[in-house]
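Scroll down for the structure; my scribbles are underneath it.
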Amino acid sequence: MHIPDGFLDPKTIAATSAFSLVGVARALRDVTRRLAGWKIPLMGVTAAFVFVAQMLNFPVAGGTSGHFVGGVFVAVLLGPSAAVVVITVVLLVQCFLFADGGVFAIGANIFNMAIVSPIVGYSVYRIVSGILPKRYGNLVAIGVASWVSTVVAAICCTGELVWSGTVPWSIGFPAMAGIHMLIGFGEGLITMLVYAAIMRTRPDLVRPEDSGIIPGVVRPITNILIYGFLIIFGLALFVSPFASRWPDGLEKVAAMFGFASRALSERVVHSPIAEYKVPGIGSFSVATALAGVIGAITVFLLSFVLARFLTRSAAKNGSSSV
């Protein structure tokens, strides 16, 4: 769902950039006030996991693939504002380091995947989990919320394309919504599996109030760092080179309805690891695996440092106001 440059007109670029600036600024402010200190390293690990998971395109149907977005997963684990920040960091790294998504379209991509997806999805999660029984309610709710978030984000993307005059609504809406309804099942399944694994091994990370465990004290947070990175690097090294190479939902719709050629052939900003392949390495598998490791480390460091900076700033301001 990463929109390339050339698909959106100036007014849509300006509007989505403004919406994204306001949304991300609000999320940063909320994270500064609310993020618990023990969640700082978890924020970095989650960002690294989402980055690597987004590299793993899964086949859907008719030569189309989808990829994990992760907005609902991060929102349930860390809170909706933290999810906005984490997915924004991932999208910025993807855009500028890996040439995934347009530079001018970054505002639209952040709005769709980093703001609409986690906020809408988290709202649905809270509603559904409040209705269903507690034992399995959260698991079902996170799957439903992930599906809804994927479809709603795709509809927003369609609206931006329509407003830009790229494709008529009568064509774009059924095509984008239909494909992403299928992709949403993959998003929901992956989110449910990861959530269930965390609930089984570290329930204190998801529901500390129910577990009676103080996160990071009884069971050190370093455990999740170590095991998290083992899983992340394992996915990057051994799985990412074999991800589906079929076009994703937006690319498929663009090819079907003749507006794929509108994408700019030249990048506005040079990306050193374009197309997720480290240059100068002959083996596709090795080049892709190394790109995944580099990206995972980059988003981890950016998210970790940003979270630490925000929480330290909040602590400093709080102490100075006393």
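Just from its helices, what would the mean residue ellipticity at 222 nm be for the chain, if runs of 4 or more DSSP H residues each count -39500 (n - 2.57) and the sum is divided by every residue, rounded to the nearest 500 deg cm²/dmol? Before the final figure, lay out the partial values.
Details: 13 runs with 218 residues, N = 322.
Only helices count here, giving -22500 deg cm²/dmol.
How would you classify the range 68-137 from its alpha-carbon gyration tensor, with a ≥ b ≥ c the square roots of the eigenvalues: rounded for a/c under 1.5, else prolate if a/b is greater than b/c, otherwise oblate?
Working: a/c = 3.33, a/b = 2.72, b/c = 1.22.
It is prolate, given that a/c is not under 1.5 and a/b is the larger ratio.
Listed by chain and number, the aspartates and glutamates whose C-alpha is less than 16 Å from the C-alpha of K134, apart from same-chain residues fewer than 8 away, are D204, E209, D210. Partner aspartates and glutamates whose Cα lies under 15 Å from the Cα of K11, excluding those fewer than 8 positions away in the same chain, are identified as E160.
Principal semi-axes of the equivalent ellipsoid, √(5λ) from the alpha carbon gyration tensor of the range 95-188, are 28, 16, 11 Å from largest down. In terms of overall dimensions, the chain has a Cα radius of gyration and Dmax of 19.3, 62 angstrom.
Just so you know, the averaged projected area of the alpha carbon convex hull for the range 43-108 sits at 5.0 nm².
Amide H contacts for S271 (H built 1.01 Å from N in the peptide plane; partners 5 or more residues away or on another chain; cut-off under 5 Å): none found. Legend: translational diffusion of the range 6-133 by Stokes-Einstein, Rh = Kirkwood radius over C-alpha pairs, 37 °C, 0.692 mPa s; D = 213 µm²/s. Residues whose amide H falls under 5 Å from that of V60, counting only those 5 or more places apart or on a different chain, are S65, G66, with hydrogens built in the peptide plane.
Build a GNM of the chain with springs between Cα atoms under 10 Å apart, and of I232, I110, I87 the one that fluctuates most is I232.
Bear in mind these aren't lab numbers, they're just calculated from the coordinates by the rules spelled out. Bear in mind that the values here come from a model prediction, so they are computed numbers and not experimental data.
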